[in-house]
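Data first, discussion second: the structure below is written as structure tokens.
The values are calculated or read from the model by the stated rules, or taken from the named source; none is laboratory data. Quantities reported herein were computed from a predicted structural model and do not represent experimental measurements. When we count neighbours, we look across all protein chains shown, and the Cβ atoms used for this are built from the backbone with ideal geometry, even at glycine. Just so you know, the surface numbers come from the protein's heavy atoms only, side chains and all, with ligands and any DNA or RNA stripped out. Shrake-Rupley method; radii C 1.70, N 1.55, O 1.52, S 1.80 Å.
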Amino acid sequence: MQELLTFTIIGLSTGAIYAVVASGLVVTYTTSGIFNLAHGATGMLAAFTYWQLRFDWDLSAPLALFITLFILCPLFGLLTERIVMRGLQGTTEVVRLSVTVALFAFMIGLANTVWPSNGSREAFLKFFEGNTIHIGGINVSWHKLITFGCAVVVAIVLRLLLFRTRMGVAMRAVVDDRSLTELNGGRPNRVAMFAWALSAMLAGLAGILLAGEQQLNIEPLVLLVINAYAAAIIGGLKSLPRTFAGAAVLGLLDAYYLQFSDNSWFPQSFMGFGLSGIRASIPTIVLFVALLVRPQSRLRAGTVRFREENKVPSWNTAVLGAVSLIVVVVGISGMLTRSNTLFLLNGFTLAIVALSLVPLTGYAGQMSLAPLTFAGLGAVAMSKLPGDGNLLTLLAAITIVAIVGAAVALPAIRLSGIYLALSTAAFAVLVTKLIFNQRQTFMSGNISVPILDIPFIDINSPRGRLILSATAFSLLGLGVIALRRSRLGRRLIALKDSPVAAATLGMNLTQTKLAAFAISAGIAACAGALAGDKVSPQQYDFTQSLPIVLLAVVGGVGTVGGALFGGLLLGGNAVLANAVPSLKNITKIMPGLTGITLGRNPSGATSQISEKFRPLLNRWGIISFSALGGVGIWALDASRIISHWAFFIGGVFWFLAVMPNLIAIIDGTSQRRWWASAIALTGLAISLGVDWDQAVDSTGKRLLSLILLVAIFGVGTQRVAENAPRIHHSSPDLLGLDVALTPDELDNVERELGVTI
Amino acid sequence: MNTPILELRNIRASYGSIEVLHGVNLTVGRGEVVALLGPNGAGKSTLIKVASGILRPSAGQLMIAGRDATGASANALARAGLCTIPEGRGIFPNLTVRENLLMATYSGHKLSDIEHSTYARFPRLAERRSQLAGTMSGGEQQMLSLARALATDPVILLLDELSMGLAPLIVSELYQQVAAIAAEGVSVLVVEQFARTVLGVADQAVLLAHGKVQAFGKASEIGEDVLASAYLGS
Ligand SMILES: Nc1ncnc2c1ncn2[C@@H]1O[C@H](COP(=O)(O)OP(=O)(O)OP(=O)(O)O)[C@@H](O)[C@H]1O
Ligand SMILES: [Mg+2]
């Protein structure tokens, strides 16, 4: 009995922390419609900040608390809203979620940089360490009581705030009707900033309380706070009382499980599977169940015109792209050192995982946070299936994982948007905890995935594997484009654009969603199955999936090129960190930083770049000139006048910095075009003229120089030649109604419609 | 010559790339009640959105009391005394009646004063002060939205289709309140489909069709034939 009481108190105090976190999550979700995945990371950062002030700089506890909770946290919340979240109105849920993922990655990177894990840190003390109080025959630490008290205070304060103050009422009013709030004289932007500040304070409070119970470590802090998401979902992301109840249930379940599993009669394994992972998975299981029993969300009526737009490439472009990708990789793979080959290989593997999101997220608009989990399952299947890596084994592995993918989607199929995304996250965590972390699955920490066995071709080298993965990416990419052009592809798009319209037209939404999930899981499985090396479960951890999702969205999740861009960017990040150690810290926060810019450009980087090239296609003169330039650079290389590296850097410079600006330069009327050409030529001369092999001593630095060259001279040329003819990319069916078409727009319309007038 | 309190100069407005107002000129003099008439889809509500600052015009100027207010935010205009009752029900359905009135305090008035004046005018709202506004009847909801105009004594009042979906008896009751506001010297721009209801209250009338002003003049002088041709599009 006494024991039960002890565990009830432990459970309630854990639940209290969950409640504080979850209420912060609800506050921002209801006022701005953004589910902040980075909420936990905010708490983590606050805990570290408090540690810094309190234990490293020796401030008194009240002062340190005050500075952290009442100055820094609100400030952080305000800035988040002002800089990042405000730009997100009118974007899809995928983009909104990715931006919070970016924030998450950014904060973890920041914490890793400022407080490196190997740095020695004094212990993080509980409040009133050592003081306990005697209740009903057991000892309870003051810290636990304080935690519990905080939750009660938060509940009361939130209740009063939301229902008794004008700011609180305005927070609810904005949800009801934003423009009416304005007509009343309220300022929705201020309300949103207040909500984000409040939410950051709640996250910070929970983070500090939790750090007293646990250790001051980044990962557990972030993940434990993620558990609170389950409580928020139980509250329907809306009701605070139900959120608090959910949090209490979670805390109690955890504590009681701990109590019972200590007993000797408690099974330690089930059918050979160890059950030690269960406790950590309780919140995830609760999250999954809460999601599944949630009342069906209503379908969104009407079509929504999102800010993102993607074009489907023609077959010619697609095949050309695939072939040139393979050729380029075969070409440069000879020049790379072993470690760089491995980095690039990693980039392509990640690109395949990102590609798996294109049909699912890009086309069908369904968010998944678990792409790497399917890759992991692919790797496990490939290594466990008989056949030692021949093509049949690969096919079998892909099929199995695709079926698993569909099976996962089946219960989650009635969910959409954020709920679906969270259920995939729950799945990923479950698989990690219950399958990957089993000794049966990953014998002694890792397994070796057999190398794909293709008759007559030996790919048993890093270079071979690089070429194999580039080829696999190209083929899968072609497959994805073929899918987009097929009947199923159009149904996927319909699913994203208007589920209601699609359903009323007789489309089977369930089948279409299942197909999307199965295809996506299958593609991701390829990435794992082709690993051809030893792999460890950490590689497929849930947290590793987030940067991939993020960079796929940054690259442009609607296009194959975007997936490639995203994957290589993530892989390239590692190259950069390796080559220039002083940049290591920047590379940690870079994925986050790039993602945060998404609000400004929701279609992703790739579609922006390809927009730049589009006008070129109509001008044969310019195309020939560009090709001639390319051949010229190659000729210099072939005749040994310049080195391979100069060839590579010059070629990329020509392609990225010169070609997109050619039209502006040639059509330019003023003398500025002479300046523009001068800048472009200077850049080209540097790229070709420098003896890269001698002057710069590592591949990473060469790549860095390349990026700088393109950025400085490319953007410079563009800025100077700016007065180029502007083409408005309005939707073709609107042009000409109210405003007469300019000749440029007419050209554009013809191209869009594929007709010649 | 006293400057008009509200003036739209050559206003153009569009949703995305579809232009809805093609150069509209309109003035509301001090203390005047101007009726804005026109068929469905004429752009009346769009014009109200522009005048209240919700929608930024693509061209033209919005002048308030002789000062250029183009691009000012809706909330700033509201706090400066421009009260807008938008189309549909101008209430927050998930807030209680009392909380709805609390939102009206952004105008600078005290909640107790607002409550007092509202419950005096509409005793039915007093009984329902803790009820969610969205669960009240259409007429009660419209009373609540009009209460904001009555209690915050604005300089300009913009009304968009007060009558939508209401019984004629309630409509005339509401318009009596509008007449009372106007009698206090508040300038009013009122959109209405039922021309006859509103022309009794209005000094001036403006006829809008296809995003352009088709006719304007003294309310008493707008003839049946002009109205008919505008509404029937002949
Ligand atoms: N949010 C919007 N997005 C796109 N088009 C819109 C939007 N709101 C209105 N429109 C279009 O603008 C035009 C004018 O609409 P508006 O609401 O101003 O008309 P109205 O005169 O108020 O009509 P009604 O008498 O039916 O209320 C219509 O053709 C309408 O379809
Ligand atoms: Mg209207």
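Numbers at a glance
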quantity	calculated
Residue tally, condition at pLDDT 90 or above and away from ligand 2 (no atom under 16 Å from the Cβ), over the stretch B:153-165	4
Any chance residue B:52 is touching a strand residue (DSSP E or B) at 6+ places or on another chain (Cβ under 9 Å), farther than 19 Å from residue B:4 by Cα and either surrounded by 16 or more Cβ atoms within 10 Å (Cβ to Cβ) or within 13 Å of chain A (Cβ to nearest Cβ) (or both)	no
Hits in the stretch A:487-505 - residues which are free of Cβ contacts under 8 Å to residues at least 40 places away in the same chain and open to solvent by less than 40 Å² (accessible area, probe 1.4 Å)	A:494, A:502
Subset of the stretch B:1-29 [touching an Asp or Glu at 6+ places or on another chain (Cβ under 9 Å) and within 16 Å of ligand 1 (Cβ to nearest atom)]	B:12, B:13, B:14, B:17, B:18, B:19, B:22, B:26
Any hit, the stretch B:55-62, residues being out of contact with any Ser or Thr (no Cβ under 8 Å at 6 or more places or on another chain) and within 13 Å of ligand 1 (Cβ to nearest atom)	no
Elements of type helices (runs of 4 or more DSSP H) in the stretch A:35-87, at least 1 residues being farther than 27 Å from residue A:229 by Cβ and open to solvent by 30 Å² or more (accessible area, probe 1.4 Å)	A:61-65
Yes/no for residue A:166 being at pLDDT 90 or above, more than 14 Å from residue B:99 (Cα to Cα) and facing chain B (nearest Cβ under 10 Å)	no
Scope the stretch B:30-54; condition within 11 Å of ligand 1 (Cβ to nearest atom) and of a type in the set (A, V, I, L, M); matching residues	B:36, B:37, B:42, B:47, B:48, B:50, B:54
Residue B:184 within 16 Å of ligand 2 (Cβ to nearest atom) and of a type in the set (D, E, K, R)	no
Some residue of the stretch A:712-722 being out of contact with any helix residue (DSSP H, G or I) (no Cβ under 6 Å at 6 or more places or on another chain), over 20 Å from residue A:634 (Cα atoms) and modelled with pLDDT of 80 or more	yes
Answer from B:199, B:150 - the residue that is more than 14 Å from ligand 1 (Cβ to nearest atom) and more than 21 Å from residue B:222 (Cα to Cα)	B:150
Condition check for residue A:222: under 20 Å from residue A:429 (Cβ atoms), part of a helix (DSSP H, G or I) and at pLDDT 85 or above	no
The stretch B:171-195, residues that are assigned to a helix (DSSP H, G or I) and within 16 Å of ligand 1 (Cβ to nearest atom)	B:171, B:195
Test: residue A:216 is over 24 Å from the mean Cα position of the chain (by Cα) and not in a helix (DSSP H, G or I)	yes
Residue that is most open to solvent (accessible area, probe 1.4 Å), among those in the stretch B:182-216 that are closer than 28 Å to residue B:14 by Cβ and of a type outside the set (A, V, I, L, M, F, W, C)	B:210
Hits in the stretch B:10-60 (condition: within 12 Å of ligand 2 (Cβ to nearest atom) and either part of a helix (DSSP H, G or I) or within 15 Å of the chain's Cα centre (by Cα) (or both))	B:36, B:37, B:38, B:43, B:44, B:45, B:46, B:47, B:48, B:49
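For every residue, the table says whether it meets (1) more than 28 Å from residue B:200 (Cβ to Cβ); (2) more than 14 Å from chain A (Cβ to nearest Cβ); (3) surrounded by fewer than 17 Cβ atoms within 10 Å (Cβ to Cβ).
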position: B:3; (1), (2), (3): no, yes, yes
position: B:6; (1), (2), (3): no, yes, no
position: B:12; (1), (2), (3): yes, no, no
position: B:15; (1), (2), (3): yes, no, yes
position: B:20; (1), (2), (3): yes, no, no
position: B:25; (1), (2), (3): no, yes, yes
position: B:32; (1), (2), (3): no, yes, no
position: B:43; (1), (2), (3): no, no, no
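Per-residue answers, yes or no, for (1) outside any loop (DSSP other than H, G, I, E, B); (2) crowded, with 19+ Cβ neighbours inside 10 Å; (3) modelled with pLDDT under 70:
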| position | (1), (2), (3) |
| --- | --- |
| A:567 | yes, yes, no |
| A:571 | yes, yes, no |
| A:599 | yes, yes, yes |
| A:606 | yes, yes, yes |
| A:612 | yes, no, yes |
